[in-house]
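Engineer: Can you read through this structure? Questions will come right after.
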Amino acid sequence: MNLWKSASTKKTIRNQFNHPQILAYSTQQLANITGGNWIQIAHDGLVSGFCLDSRKITSTAQTAFIAISGKNHDGHKYIEYAYRNGIRTFITEKKIEAAGYTGANILIVNNATEAFQKIASHHRHQFNLPVIGITGSNGKTIVKEWLNTMLSEDYRIARSPRSYNSQIGVPLSVLNLDSNHTLGIFEAGISQKDEMSKLEKVIDPKIGVLVNIGNAHLESFINKQELADEKARLFLHADTIIYSADYPEISNTLSKPEYQHAAKISWSLKNNSAQLTFSEIRKLTVYSELSGQWKSEKISFIVPFSDDASIENCVCCIAIMLHLGYATDVINERLSRLAPVAMRLEVLSGINHSVIINDSYSSDLHSLEIALDFLNQQSHGRKKIVILSDIAQSGLASKELLERVQEILLSKKISELVAIGPSFVENASLLKVPHQVFSGTTEYLQSLQQENLSDSIILIKGARDFKFEKIVDRLQEQAHDTVLEIDLNAMTHNLNYFRAKLKPGVKMMVMVKAFGYGSGAIEVSKLLEFNQVDYLAVAYADEGVALRRSGVSVPIMVMNPDHHSFGSIIRHNLEPEIYSFRTLRLFQEALHASSFTGDYPIHIKLDTGMHRLGFEAGEADKLCRELELSSGLKIQSVFTHLAASDSSSFDSFTKDQLGLFEQLTTEISKRLKVDFMRHAANTGGIQRFSESQYDMVRLGIGLYGVSADESEQSQLQTVGTLKTIISQIKHIQQGDSVGYSRRFIAEKPTTIATIPLGYADGLRRNLSSGAGSVIINNQKCKIAGNVCMDMTMVDITGLEANEGDEVIIFGAQQSLNEIAHQCGTIPYEILTSISQRVKRIYLSE
């Protein structure tokens with residue numbers, strides 16, 4: 001049976017829908033699907049929703065909490081929290097005491113992740129609709145989003161939100177299918193062998209799309225051929241496979257016997273033997289003209305991009321559309337609708353001290369919940385405003401959709417809703433959350449009163465047709481074109497990388513001093529709190545006070561407390577490092593003068609060889625006597641700092657430090673008859689001296705993607721990208737000079753680009769005269785002449801570039817380590833030197 005309707009009849013689908021069928025599962029069905037056993041059945045309630053994160057519970061009715069044990073998190077720790085918040089059905093792989101959960105159903109399974117996948121697979125097969133499954137090394141999220149744009153006029157589409165393509169993300173996506181959907185588009189990503197077959201059972205695509213094969217996740221495979229073999233397993237039961245013939249590994253894989261049942265559609269930008277080929281590609285400034293052939297028929301398209309990656313992704317979409325029977329004129333019209341996909345949520349500085357979360361290119365219920373969770377994570381106690389457009393293609397009647405939106409907003413404790421669109425206008429009387437309603441974006445901007453947004457955090461989320469980018473432009477604080485982008489997903493990856501190196505039970509303290517190593521202490525701390533680190537550490541009390549005022553509640557150690565700040569430390573529940581008899585005496589005096597009752601936590605610093613701060617070995621006896629005589633203090637931890645844990649040349653010195661630390665902490669514990677946490681390992685020592693992780697480790701520069709160990713560096717992700725633009729391009733002649741002191745003299749006709757970034761922004765002056773370089777259009781370009789206070793000149797001779805083009809100072813293409821090497825310094829100094837006048841933009845999937 002051909003599930004695809006002809007192009008001429010597709011448009012009849014969109015308005016023919018009824019109330020969606022929501023599937024609900026009985027206790028017997030859940031046991032049958034998962035292969036689990038009920039250890040307690042307290043009620044007969046059906047389950048229609050599943051929650052994996054207790055912090056994201058929006059509705060408890062008919063919701064089951066699945067306790068998944070991962071490499072870095074254990075959902076079983078949050079069963080009690082979920083129970084307190086109203087969940088009454090649990091799926092767990094560890095036995096829990098049922099008596100503590102009166103009225104709850106508890107299902108035990110062998111593996112909670114696999115059980116979740118089985119539930120999603122069962123759900124998928126309740127719907128007889130075509131599904132497109134997309135995989136590849138790069139571009140799968142973009143292809144999915146562009147296909148949604150090109151097909152949503154004709155189909156009611158269920159798709160993966162953002163890049164939900166993992167072993168957990170795919171089931172979460174597929175569970176959004178309901179009876180109103182007429183098409184599914186899901187992406188699948190893998191990083192290890194034997195993962196794709198699990199996702200294939202969940203997605204079961206009828207059309208498979210393999211975009212490309214690159215180096216992403218290659219570290220887990222022998223070569224690209226093995227990676228292609230694994231990715232193609234998504235198509236073991238597909239009827240049609242659409243793929244790029246420009247990657248020989250893909251063609252090799254699909255020639256194997258297990259794929260001979262499927263029809264193959266190949267496309268190419270290089271290979272004339274493919275069914276869809278393009279012999280001519282004419283790149284212009286903002287678009288490209290493609291001419292080629294589709295099954296012996298000459299065709300031409302205009303794509304609204306000129307970069308290679310976007311052209312490749314567009315051609316992949318064209319191949320799919322041609323296979324579905326769309327005419328070239330229809331495809332060209334749909335291509336004109338495409339815009340760059342915002343892969344991440346952006347956090348921007350807004351007017352009147354507001355914060356903006358920009359998600360202005362998509363609008364659906366699932367991605368709304370994701371964005372609201374991120375809003376709460378970043379809110380820091382601010383008033384929470386949501387600017388939301390009508391949600392199209394939901395499959396719900398307008399009143400029911402509004403009720404669902406309102407339920408989500410109320411559960412996330414939103415302060416105010418700005419609702420834009422005809423559907424909101426029609427149903428405004430049903431809104432219970434504080435709100436303003438406007439028919440369109442223009443009407444809202446005309447009535448905007450900026451003072452109402454003061455000190456708020458604003459989520460801007462709208463379907464593309466509403467052009468919410470105009471709202472972002474109006475509300476965004478104007479600043480110069482230099483920004484530091486902070487990738488919060490990369491930061492989370494790095495945190496989890498080091499967590500995976502810890503022995504069971506070892507806690508983690510994370511350094512957020514010096515403005516979070518230049519990345520923004522409040523934003524970084526909120527992310528770390530969301531990811532449930534055990535401790536934060538700052539250098540000075542005012543840094544800790546700022547975190548407390550922003551709502552951070554994680555324990556915070558102050559590493560260099562000034563005695564004048566002791567009162568503030570006590571008032572804000574900060575925990576001081578005590579490193580000398582003077583600080584011990586002065587803190588006790590401040591404590592006795594305060595109204596605090598009980599034992600106040602302190603951290604004792606021992607100097608085992610760093611010779612910076614701390615009690616020395618010869619002072620241990622006196623320290624114990626002083627502490628014995630002290631009152632009102634609790635020794636929370638005793639720690640030391642390793643001077644050279646990242647250098648194998650000094651391993652014997654580090655081992656001597658650790659030996660002395662063992663001796664001193666044993667002596668102090670025995671003498672005072674108290675237990676306390678011990679910690680010594682910093683970023684460099686977490687893996688290199690894993691036997692000395694003790695009770696806690698302290699993660700610093702590793703969180704930000706930097707390691708002195710080459711093998712470890714390859715496993716970390718780039719967190720910060722410092723970028724700007726070309727302000728002006730000049731063509732100078734031989735003998736002309738550039739910049740102050742005429743440090744650059746052109747030896748031939750030369751092209752110079754001026755960028756709005758200088759040493760006042762943190763670009764070190766010793767990068768002058770060719771010592772440093774930047775990246776423009778994927779090419780390294782040397783700095784010409786002296787770095788100025790606010791500007792720098794770059795030699796771009798021979799490079800095709802335009803004013804306004806992006807310039808990368810450091811990031812994935814030129815690492816922080818590289819730029820530090822050019823400066824003759826360390827990454828710490830580069831990061832912490834970036835001026836606060838440089839706008840920080842926070843990105844999150």
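Engineer: Which residue, of P561, P601, is open to solvent by less than 70 Å² (accessible area, probe 1.4 Å) and in a strand (DSSP E or B)?
Structural biologist: P601
Engineer: Among the residues of the stretch 650-703, which ones are under 21 Å from K513 (Cα atoms), aliphatic (A, V, I, L, M) and part of a loop (DSSP other than H, G, I, E, B)?
Structural biologist: A680, A681
Engineer: With the structure loaded, tell me whether L276 is crowded, with 20+ Cβ neighbours inside 10 Å, over 29 Å from A371 (Cβ atoms) and aliphatic (A, V, I, L, M) or whether it fails that test.
Structural biologist: yes
Engineer: Would you check which residues across the stretch 536-552 are surrounded by fewer than 22 Cβ atoms within 10 Å (Cβ to Cβ) and either out of contact with any strand residue (DSSP E or B) (no Cβ under 8 Å at 6 or more places or on another chain) or not in a helix (DSSP H, G or I) (or both) and list them?
Structural biologist: A539, Y540, D542, V545, A546, R549, S550, G551, V552
Engineer: If you don't mind, another one. Within the stretch 75-121, how many residues are more than 30 Å from A158 (Cβ to Cβ), part of a strand (DSSP E or B) and open to solvent by less than 10 Å² (accessible area, probe 1.4 Å)?
Structural biologist: Within the stretch 75-121, residues that are more than 30 Å from A158 (Cβ to Cβ), part of a strand (DSSP E or B) and open to solvent by less than 10 Å² (accessible area, probe 1.4 Å) number 1.
Engineer: Out of G798, G804, report the one residue that is on the phi > 0 side of the Ramachandran plot, part of a loop (DSSP other than H, G, I, E, B) and open to solvent by less than 50 Å² (accessible area, probe 1.4 Å).
Structural biologist: Only one candidate qualifies: G804.
Residue-wise test of (1) surrounded by 22 or more Cβ atoms within 10 Å (Cβ to Cβ); (2) over 25 Å from V838 (Cα atoms); (3) touching a strand residue (DSSP E or B) at 6+ places or on another chain (Cβ under 7 Å).
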{"position": "N682", "(1), (2), (3)": "no, yes, yes"}
{"position": "R698", "(1), (2), (3)": "yes, yes, yes"}
{"position": "Q715", "(1), (2), (3)": "no, yes, no"}
{"position": "G720", "(1), (2), (3)": "yes, no, yes"}
{"position": "I732", "(1), (2), (3)": "no, yes, yes"}
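Engineer: Could you check the stretch 498-529 and list, in sequence order, the residues that are of a type in the set (F, W, Y) and either in contact with a Gly (Cβ under 8 Å, 6 or more places away or on another chain) or free of Cβ contacts under 8 Å to residues at least 12 places away in the same chain (or both)?
Structural biologist: Result: F498, Y517.
Engineer: For the list (1) open to solvent by less than 50 Å² (accessible area, probe 1.4 Å); (2) assigned to a loop (DSSP other than H, G, I, E, B); (3) at pLDDT below 95, I need the number of the one condition that T608 fails.
Structural biologist: Single failed check for T608: (3).
Engineer: May I pose another question? Among the residues of the stretch 821-833, is there at least one that is open to solvent by 20 Å² or more (accessible area, probe 1.4 Å), part of a strand (DSSP E or B) and of a type in the set (D, E, K, R)?
Structural biologist: No: the stretch 821-833 contains no residue that is open to solvent by 20 Å² or more (accessible area, probe 1.4 Å), part of a strand (DSSP E or B) and of a type in the set (D, E, K, R).
Engineer: Shifting gears a bit: State which residue is farthest from the chain's Cα centre (by Cα) when the search covers only the stretch 24-65 and only residues that are open to solvent by 30 Å² or more (accessible area, probe 1.4 Å) and modelled with pLDDT under 85.
Structural biologist: A61
Engineer: Looking at the stretch 316-339, which of the residues that are touching a residue at least 60 places away in the same chain (Cβ under 8 Å) and part of a loop (DSSP other than H, G, I, E, B) is most open to solvent (accessible area, probe 1.4 Å)?
Structural biologist: R337
Engineer: Sticking with this one: Quick one: would you say E829 is under 27 Å from V719 (Cα atoms) and either modelled with pLDDT of 95 or more or acidic (D, E) (or both)?
Structural biologist: yes
Engineer: Right, here's the next one. Scan Q476, Q436 and give me the residue that is at pLDDT 90 or above and closer than 24 Å to S379 by Cβ.
Structural biologist: Unique residue meeting the criteria: Q436.
Engineer: Then there's this: Give the number of residues within the stretch 734-749 that are touching a strand residue (DSSP E or B) at 6+ places or on another chain (Cβ under 6 Å), open to solvent by 30 Å² or more (accessible area, probe 1.4 Å) and not in a loop (DSSP other than H, G, I, E, B).
Structural biologist: 3
Engineer: Could you tell me how many of the residues in the stretch 750-760 are open to solvent by 10 Å² or more (accessible area, probe 1.4 Å) and not β-branched (V, I, T)?
Structural biologist: Qualifying residue count, the stretch 750-760: 3.
Engineer: If you check I775 against the conditions, is it free of Cβ contacts under 8 Å to residues at least 60 places away in the same chain, among the hydrophobic types (A, V, I, L, M, F, W, C) and in a helix (DSSP H, G or I)?
Structural biologist: So I775 does not fit the description; no.
Yes/no matrix, rows are residues, columns are (1) in contact (Cβ under 8 Å) with a residue 60 or more places away in the chain; (2) touching a Lys or Arg at 6+ places or on another chain (Cβ under 6 Å); (3) part of a helix (DSSP H, G or I):
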site	(1), (2), (3)
S251	no, no, yes
W267	no, no, no
R282	no, no, no
T285	yes, no, no
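Engineer: Only one of (1) under 19 Å from K56 (Cβ atoms); (2) surrounded by fewer than 18 Cβ atoms within 10 Å (Cβ to Cβ) fails for L345. Which number is that?
Structural biologist: For L345, the exception is condition (2).
Engineer: Does I776 meet the test of being open to solvent by 10 Å² or more (accessible area, probe 1.4 Å) and either out of contact with any helix residue (DSSP H, G or I) (no Cβ under 9 Å at 6 or more places or on another chain) or over 30 Å from A309 (Cα atoms) (or both)?
Structural biologist: Judged against the criteria, I776 is not a match.
Conditions tested, residue by residue: (1) open to solvent by less than 50 Å² (accessible area, probe 1.4 Å); (2) touching a helix residue (DSSP H, G or I) at 6+ places or on another chain (Cβ under 6 Å); (3) over 28 Å from A158 (Cβ atoms).
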position	(1), (2), (3)
S398	yes, yes, no
Q406	yes, no, no
L410	no, no, no
E451	no, no, yes
S454	yes, yes, yes
R464	no, no, no
Q476	yes, no, yes
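Engineer: Follow-up question, since we're still on this one. Do we have I250 as crowded, with 20+ Cβ neighbours inside 10 Å and either of a type in the set (A, V, I, L, M, F, W, C) or over 26 Å from H122 (Cβ atoms) (or both) here?
Structural biologist: Answer is yes for this residue.
Engineer: Name the single residue, out of those in the stretch 253-265 being in a loop (DSSP other than H, G, I, E, B) and of a type in the set (S, T, N, Q), that is most open to solvent (accessible area, probe 1.4 Å).
Structural biologist: Filtering first and then ranking leaves Q260.
Engineer: Report the residue count in the stretch 528-573 for those that are more than 25 Å from the chain's Cα centre (by Cα), of a type in the set (A, V, I, L, M, F, W, C) and farther than 24 Å from S595 by Cβ.
Structural biologist: Of the residues in that region, 2 qualify.
Engineer: Of K634, K622, K670, which residue is without any contact (Cβ under 8 Å) to a residue 12 or more places away in the chain and open to solvent by 40 Å² or more (accessible area, probe 1.4 Å)?
Structural biologist: The match here is K670.
Engineer: So which strands (runs of 3 or more DSSP E) stay within the stretch 365-451 end to end and still have 2 or more residues that are within 24 Å of E523 (Cα to Cα) and β-branched (V, I, T)?
Structural biologist: 383-389
Engineer: Still on this model: Spot the failing condition for E416; the list is (1) charged (D, E, K, R); (2) buried (at least 18 other Cβ atoms within 10 Å of the Cβ); (3) at positive phi, and only one is missed.
Structural biologist: Exception for E416: condition (3).
Engineer: So which of K206, K193, K231, K224 ends up being closer than 20 Å to K256 by Cα, of a type in the set (K, R) and open to solvent by less than 40 Å² (accessible area, probe 1.4 Å)?
Structural biologist: The match here is K231.
The values are calculated or read from the model by the stated rules, or taken from the named source; none is laboratory data. Keep in mind that what you see is a predicted model, and the values were worked out from it rather than measured. All Cβ positions, glycine included, derive from the backbone under ideal geometry; neighbour counts span all protein chains shown. Keep in mind that these areas ignore ligands, DNA and RNA; they rest on the heavy atoms of the full protein, side chains included. Shrake-Rupley method; radii C 1.70, N 1.55, O 1.52, S 1.80 Å.
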